[in-house]
Structures are given as structure tokens and as C-alpha cells.
1. Consider residue 199 against the criteria (1) surrounded by 19 or more Cβ atoms within 10 Å (Cβ to Cβ); (2) in contact with a His (Cβ under 7 Å, 6 or more places away or on another chain): it satisfies all of them except one. Which criterion is unmet?
2. Does residue 109 satisfy being within 18 Å of residue 157 (Cβ to Cβ), surrounded by fewer than 15 Cβ atoms within 10 Å (Cβ to Cβ) and in contact (Cβ under 8 Å) with a residue 40 or more places away in the chain?
3. Being over 19 Å from residue 29 (Cβ atoms) and either acidic (Asp, Glu) or more than 11 Å from the ligand (Cβ to nearest atom) (or both) narrows it down to one residue among 68, 110; which is it?
4. Which of the following residues is farther than 19 Å from residue 31 by Cβ, modelled with pLDDT under 95 and not hydroxyl-bearing (Ser, Thr, Tyr): 212, 223?
5. Among (1) away from the ligand (no atom under 15 Å from the Cβ); (2) under 26 Å from residue 47 (Cα atoms); (3) in contact (Cβ under 8 Å) with a residue 12 or more places away in the chain, where does residue 140 come up short?
6. For segment 72-105, how many residues are more than 16 Å from the ligand (Cβ to nearest atom), in a loop (DSSP other than H, G, I, E, B) and surrounded by fewer than 20 Cβ atoms within 10 Å (Cβ to Cβ)?
7. Under 30 Å from residue 91 (Cα atoms) and either within 15 Å of the ligand (Cβ to nearest atom) or of a type in the set (Phe, Trp, Tyr) (or both), is that true of residue 126?
8. So for segment 25-48 (the condition being over 21 Å from residue 149 (Cβ atoms), part of a strand (DSSP E or B), at pLDDT 95 or above and touching a Ser or Thr at 6+ places or on another chain (Cβ under 9 Å)), does at least one residue qualify?
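The values are calculated or read from the model by the stated rules, or taken from the named source; none is laboratory data. Quick caveat: nothing in here was measured; it's all calculated off a predicted structure. Here Cβ is always computed from backbone atoms with ideal geometry, including for glycine, and neighbour counts include all displayed protein chains.
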Amino acid sequence: MTEMQSAMQMRSAKRLKIGVLISGRGSNLQALIENCAQPDYPAQIVLVISSNPDAFGLAAAVKAGIPTKVFQHRKYRTREEFDGEIDKALRAAGVELVCLAGFMRVLTPTFVGAWRDKIINIHPSLLPAFRGLHTHERALAAGVRFHGCTVHFVRDELDDGPIVVQAAVPVEPDDDVETLSARVLNAEHRCYPLAVKLIALGRVQVVGGRVLIDGVERPDPALIGAPEGVTRH
Ligand code: GRF
């Protein structure tokens, strides 16, 4: 089979339908959009939801021809109602995997439970270190030698859940928040598409709170390691 034929076969093959939730810049969304534009990538973005009408990422979605919806939490009486509307929109679009990409609202246990093992998040640290906000400041203050990012399945606890892919980056002696966050962000843009791809190909299984890839507890296809540029997958 020629490369062209196999690309065409992938285009017609079933691709995993993903919904991406954002609140701001949307650079991880952009990385997913670029990967989904590759003919052999096994996922497609069918809906982008933003909690912020001014999110920069919305423009990227519109430019790529992806349907968008905005849900502002303050227009809803309760968190349950807000999450319920998001849930409805995702299901109406046929979403099979929800990808949180800088979504700044904490989702209710009802929503998280309804999407269990079908919802992932990207966090800018090597979890379980530095859950929560300001991860780069805290990594610098702690003097860690390596920092990074994690794609994980979402659980009720914030920034908790089975880890799919991690990338480590070195912390350089002269780093500040800006240089370190840029290095981590660069890794994020490789990690998120990789995690989605592994899930879309059916290579990821959650067993006992941990992720197995290809049925074994072997990190190789899910590790982007330091020094930068060393990619194993
Ligand atoms: C990223 O650093 C991500 O890890 C975190 O929020 C940020 C979103 O950035 N959850 P962007 O909107 O994808 O550019």
C-alpha cells in the first residue's frame, strides 16, 4: 500500500471524536488541531467549548472550521446546571473523549463520574508534584532539577488521576518563570497529542488507578524525557 493509500484509508477509518474545553490562550488546543489535520492521526475535534467568550483559543477553532460553544458559569444558578449544559452539548456532538486544555472551572463529581476514563487533562508539572496553580513559580522555589507536564485521566480530586503521558524538562540555573514555562509548554504541545493518539488507538487501559499501555505497565510509549529532543514513542 502506498503512503497515500494508507493516509486515505485512515481518513475514512473511524476517528475518535474529541471535545476540547478551554478558557484562554488555547495553545494546547492549537497543537491538537494541528495533529488532527494530519491524515493518519486517529482523532478529530468535533467541538470546542469555552467558559470565556474572549478566549483566544476560540478563534483558532473557528479558523479550523470546528464548531464552538461558550458557556459562562455566571449565567447558571448552580455548578450542576452549568456542567449539565456542557455535558448535553458534548453528547449532542457525539464526543467520545473530553480533553481539558486550560479549562479554568472545576467540574462537579457528577460530570466527572459520567465521563470516567473518558476525560483527560493536561497539567504543567510532573504530577503528583505541584498540583494546583503557579506550578512554575513553585518548581523554581523548590529548586527541583526537573520539571514538566502530565496528561492524566480526571478524577474528583484536582489534578489527580491515572497518568497517561509525562514529559520532563530540565530546570536551568538561570531560568525564570517565563523561560521555564515556555520550555514546559513546548513539551505540553507534544504530550497532549501523543496521549490522545494512544487513547484513540485503543492502547490505553486504566487498571487499578494506573494506566497500562499496550497491556503492560511500561512507560516507553508515554514518556517524553529530558534532555529535550529525546522522544521515545
Ligand atoms: C497549560 O499550561 C496547561 O497545562 C494548563 O493550562 C495551560 C493552558 O494553556 N492546564 P493553553 O490555553 O493551552 O495555551
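1. Among (1) surrounded by 19 or more Cβ atoms within 10 Å (Cβ to Cβ); (2) in contact with a His (Cβ under 7 Å, 6 or more places away or on another chain), the lone unmet condition for residue 199 is (2).
2. On the way: within 18 Å of residue 157 (Cβ to Cβ): yes; surrounded by fewer than 15 Cβ atoms within 10 Å (Cβ to Cβ): yes; in contact (Cβ under 8 Å) with a residue 40 or more places away in the chain: yes.
Yes, satisfied.
3. Checking each option against the conditions leaves just 110.
4. Numbers: 223 fails: farther than 19 Å from residue 31 by Cβ.
Within the list 212, 223, the selection yields 212.
5. Among (1) away from the ligand (no atom under 15 Å from the Cβ); (2) under 26 Å from residue 47 (Cα atoms); (3) in contact (Cβ under 8 Å) with a residue 12 or more places away in the chain, the lone unmet condition for residue 140 is (2).
6. Residues of segment 72-105 that are more than 16 Å from the ligand (Cβ to nearest atom), as a first pass: 72-97.
Okay, now just the ones that are also in a loop (DSSP other than H, G, I, E, B), so 72, 76-78, 93-96.
Narrowing further to those that are surrounded by fewer than 20 Cβ atoms within 10 Å (Cβ to Cβ): 72, 76-78, 93-94, 96.
Here the count works out to 7.
7. Numbers: under 30 Å from residue 91 (Cα atoms): no; either within 15 Å of the ligand (Cβ to nearest atom) or of a type in the set (Phe, Trp, Tyr) (or both): yes.
No, not satisfied.
8. Going residue by residue through segment 25-48, those that are over 21 Å from residue 149 (Cβ atoms) are 37-40, 42, 44, 46-47.
Next cut, part of a strand (DSSP E or B) only: 44, 46-47.
After this cut, where a residue has to be at pLDDT 95 or above as well, the list is 44, 46-47.
Among the residues that remain, those that are also touching a Ser or Thr at 6+ places or on another chain (Cβ under 9 Å) are: 47.
Checked against the condition, which is being over 21 Å from residue 149 (Cβ atoms), part of a strand (DSSP E or B), at pLDDT 95 or above and touching a Ser or Thr at 6+ places or on another chain (Cβ under 9 Å), segment 25-48 yields at least one hit.
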